[in-house]
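Undergrad: One structure, pasted below without further comment.
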Amino acid sequence: MPRFVRFLVPLAIFAVLVAFLYKGLSLDPKKVPSPLVGKPAPAFSLPTLHNPDATISSDDFAGKVSLLNVWATWCVSCRAEHQVLMALARSGKVDIYGLNYKDTRSEARRWLQNLGDPYVANAFDQDGRVGINWGVYGTPETFVIDHEGIIRYKHIGPISEKDMNEVILPLVEQLRSERG
């Protein structure tokens, strides 16, 4: 093998790796496509945060447009979006369900008591298995679910007022009008 070929092969491999890394750095993590969008919400049944004897399930979303917000007390970004969720809950424009993810029940209750509770109901996913089934890889994440239980949108990261007013609420209104 000629001497220059021994140097070209590693150089070509390095160039390909650099190209992949460069492309990866230009991706917006908030726009990572979810394979669940357009599909039925994964079925689950979990105890509620406030009452371990009561349950909440994916059936609770049936017949209405709703949001599922995945949150945790250890999540700094969840605290950042909390006031936006509180304002949305006060508006009554859409029901917000919570999925408390990999947390402790006592800390989550205290957090909601101190900051306010924007949720119609809160599922307690202590081991994170339901979150994994929903494709959650971090908190916060929010899903818009239509009246047929189909996931129509996934928002990764904290929801800002702009996100709420320009993306989520218009989608909620569109889904409500599609039902008729």
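Undergrad: Would you mind checking which residues have amide H under 5 Å from residue 98's amide H? H placed 1.01 Å from N; only 5 or more apart, or other chain.
TA: Those qualifying (amide H under 5 Å, at least 5 residues apart or on another chain) are 69, 120, 121, 122, 123.
Undergrad: Determine the per residue accessible area of region 60-180 with all protein chains present and a 1.4 angstrom probe, expressed in square angstrom. The partial results should precede the final answer.
TA: Numbers: 5470 Å² over 121 residues.
Ligands and nucleic acids excluded, the figure is 45 Å² per residue.
Undergrad: Viscosity 0.692 mPa s, temperature 37 °C: what is the translational diffusion coefficient of region 48-180 from Stokes-Einstein with a Kirkwood Rh over Cα pairs, rounded to a whole number of µm²/s?
TA: On the way: Rh = 14.8 Å.
The estimated diffusion coefficient comes to 222 µm²/s.
Undergrad: Students often get this wrong, so check it: of 39/93; 64/102; 102/162; 39/102; 64/93, which have C-alpha atoms separated by over 19 Å? List each step's numbers first, then the result.
TA: Values: 39/93 23 Å; 64/102 27 Å; 102/162 28 Å; 39/102 25 Å; 64/93 12 Å.
The answer is 39/93; 64/102; 102/162; 39/102.
Undergrad: If packing is taken as the mean number of other Cβ atoms within 10 Å per residue, what is the order of 76-82, 64-70, highest first?
TA: Details: 76-82: 17.4, 64-70: 22.9.
Per-residue Cβ counts within 10 Å, averaged per peptide and sorted highest first, yield 64-70, 76-82.
Undergrad: Return the Rg/Rh value of region 63-116, two decimal places, where both radii are evaluated on C-alpha atoms and Rh is the Kirkwood radius. Could the numbers behind the result be given before it?
TA: Working: Rg = 11.4 Å, Rh = 11.8 Å.
Reported Rg/Rh, Kirkwood definition of Rh: 0.97.
The values are calculated or read from the model by the stated rules, or taken from the named source; none is laboratory data. None of these values were measured; they are calculated from a predicted model. In this analysis, Cβ positions are derived from the backbone assuming ideal geometry, glycine residues included, and neighbour counts consider all displayed protein chains. Side chains included, ligands, DNA and RNA excluded: accessible areas come from the protein's heavy atoms. Shrake-Rupley method; radii C 1.70, N 1.55, O 1.52, S 1.80 Å.
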